[in-house]
Amino acid sequence: MVIRYEEKDFKSILNKHKFIDSWFWCRYGINVYQGCEHACTYCDSRSHRYHLHPEFDQVIVVKNNVAEMLDNRLSRARTLLPDVVVMSGMSDPYHPAEKKFESTKKCLEILEKHRYPVHIITKSPLVTRDKNILARIGKNNWCSVSFTITTTDQSLAKFLEPGAPPPKARLKAITELKKAGDIHVGVTFIPIVPFLADSDEALESVTRAAKEAGADYILFGGGMTMRDAQAKWYFKRLGEQYPELVEKYLELFQAEFINGEYKGRYVPVRKYAKKLYRKMFELCEKYDIKYRMKRYIPDDYRKDNYIVAEEFVNEAYVQQSSGKPYSNIFWAGQNITNLKESIRAVAHRGELRQIRNVDEEIEIRIINRLDTIKEGQMTLDSC
């Protein structure tokens, strides 16, 4: 397979999210490339919503002048506050193109200059090349690197992630980054691929490997997703390699193909997801590894907001995973995160109930929690 690089000019490089991502704690996102040479079979970037090249794993768009664009954006920002910038999304920031263009490294240097915290999500040990930059960001601010590992079976990995470095190399990179110091390093066990990587043995193998490599956390979801062109591609590859699983997938996603188009659920049926979550919670307890990552806590008016919101959002995650109501506590946490002033000031005015989703019970919890937060305290240990 011949990879073609196309260098193009873009008007912007930094995306701001309306709400902070509740998994990765990011407010901003950067994609320095469009397309990804890892060519993961399950990749959601094949979906229509991203408007990428149909052969997005062979035609890689390289954004020109990323460092200059980012530096200009952050230098001129009047309303932006430093918060977590995730580098991932439509492309792995350390896929092979990075060896040639070093766009990710250039952006890291700018983010360090402006004191922005960083979260890297990757499948590549190439990230260790920049461990000194990442360690400085972590020491002076906050830095996390998450390695996506969906299986420890190398033969299965070649089907799921044909262009990515082997799982063993990623696990070795976790250990190397931990030695660099001041970097939170963990595993994103996302997606958990149905019928191929979701057996009890497979789940335990990934969890055990993450712990042995020195990971601080392992993030996991309730299965993989299916959507339009991405679903068509996955079912095509599944039919070629594992034809006996096609009907099982159609049942799991309550799906069918009509005139060649995917019609079905975006995620597996709820019963399946609950079973996965239960098993993973048990494994995290068995191997003493956290299933949530620590949140960046800014040293400004947002500090108390983020401490309180982190606990609410983490609680919502557990509630949702257990099939219990979670929406109110989740959105209370998100709306507290987005406050333009300290929640302590709001509490002093007796106006907590004016925050969306803050009811009487949550109001009492906020007041009690604020009473326990000491000056200079950052956050409680994550789950």
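The values are calculated or read from the model by the stated rules, or taken from the named source; none is laboratory data. None of these values were measured; they are calculated from a predicted model. Cβ placement follows ideal geometry from the backbone for every residue including glycine, while neighbour counts extend to all protein chains displayed. The area values use the complete protein model at the heavy-atom level, side chains included, leaving out ligands, DNA and RNA. Shrake-Rupley method; radii C 1.70, N 1.55, O 1.52, S 1.80 Å.
If you take the residues in region 82-108 that are modelled with pLDDT of 95 or more and more than 21 Å from Lys131 (Cβ to Cβ), which one is least open to solvent (accessible area, probe 1.4 Å)? Step through it out loud before you land on a result.
Here is the first cut: in region 82-108, the residues modelled with pLDDT of 95 or more are 82-87, 92-108.
Filter once more, so that each one left must be more than 21 Å from Lys131 (Cβ to Cβ): 82-83.
Values: Pro82: 42, Asp83: 3 Å².
Only one residue fits best here, namely Asp83.
Can you confirm whether Tyr306 is in a helix (DSSP H, G or I) and either in contact with a Gly (Cβ under 7 Å, 6 or more places away or on another chain) or open to solvent by 70 Å² or more (accessible area, probe 1.4 Å) (or both)? For Tyr306, the condition - in a helix (DSSP H, G or I) and either in contact with a Gly (Cβ under 7 Å, 6 or more places away or on another chain) or open to solvent by 70 Å² or more (accessible area, probe 1.4 Å) (or both) - is not met.
Find the residue count for region 41-62, including only residues that are charged (D, E, K, R) and over 21 Å from the mean Cα position of the chain (by Cα). Even if it seems obvious, please write down each step before you answer.
Restricting attention to region 41-62, the residues satisfying the condition of being charged (D, E, K, R) are 44, 46, 49, 55, 57.
Then drop every residue that is not over 21 Å from the mean Cα position of the chain (by Cα), which leaves 55.
So the count comes out to 1.
Arg129 fulfils the conditions (1) under 21 Å from Asp83 (Cα atoms); (2) in a helix (DSSP H, G or I) except for a single criterion, (1).
For region 160-191, a residue qualifies if it is open to solvent by 10 Å² or more (accessible area, probe 1.4 Å), assigned to a helix (DSSP H, G or I), touching a residue at least 40 places away in the same chain (Cβ under 8 Å) and within 23 Å of Cys43 (Cβ to Cβ), and the qualifying residues are Ala169, Leu171. Kindly indicate whether Leu219 is modelled with pLDDT of 95 or more, under 27 Å from Glu285 (Cβ atoms) and touching a Phe, Trp or Tyr at 6+ places or on another chain (Cβ under 7 Å). Spelling it out, Leu219 is indeed modelled with pLDDT of 95 or more, under 27 Å from Glu285 (Cβ atoms) and touching a Phe, Trp or Tyr at 6+ places or on another chain (Cβ under 7 Å).
Given the residues Ala229, Ala213, Ala273, which is the only one that is at pLDDT below 95, out of contact with any Asp or Glu (no Cβ under 9 Å at 6 or more places or on another chain) and over 18 Å from Tyr317 (Cα atoms)? Result: Ala229 is the single residue among Ala229, Ala213, Ala273 that is at pLDDT below 95, out of contact with any Asp or Glu (no Cβ under 9 Å at 6 or more places or on another chain) and over 18 Å from Tyr317 (Cα atoms).
With respect to the conditions (1) over 21 Å from Phe147 (Cβ atoms); (2) open to solvent by less than 10 Å² (accessible area, probe 1.4 Å); (3) in contact (Cβ under 8 Å) with a residue 40 or more places away in the chain, Leu203 falls short on a single one, namely (1). Candidates are the residues of region 227-264 that are among the aliphatic types (A, V, I, L, M) and open to solvent by less than 40 Å² (accessible area, probe 1.4 Å); the one that is farthest from Leu160 (Cα to Cα) is Ala255.
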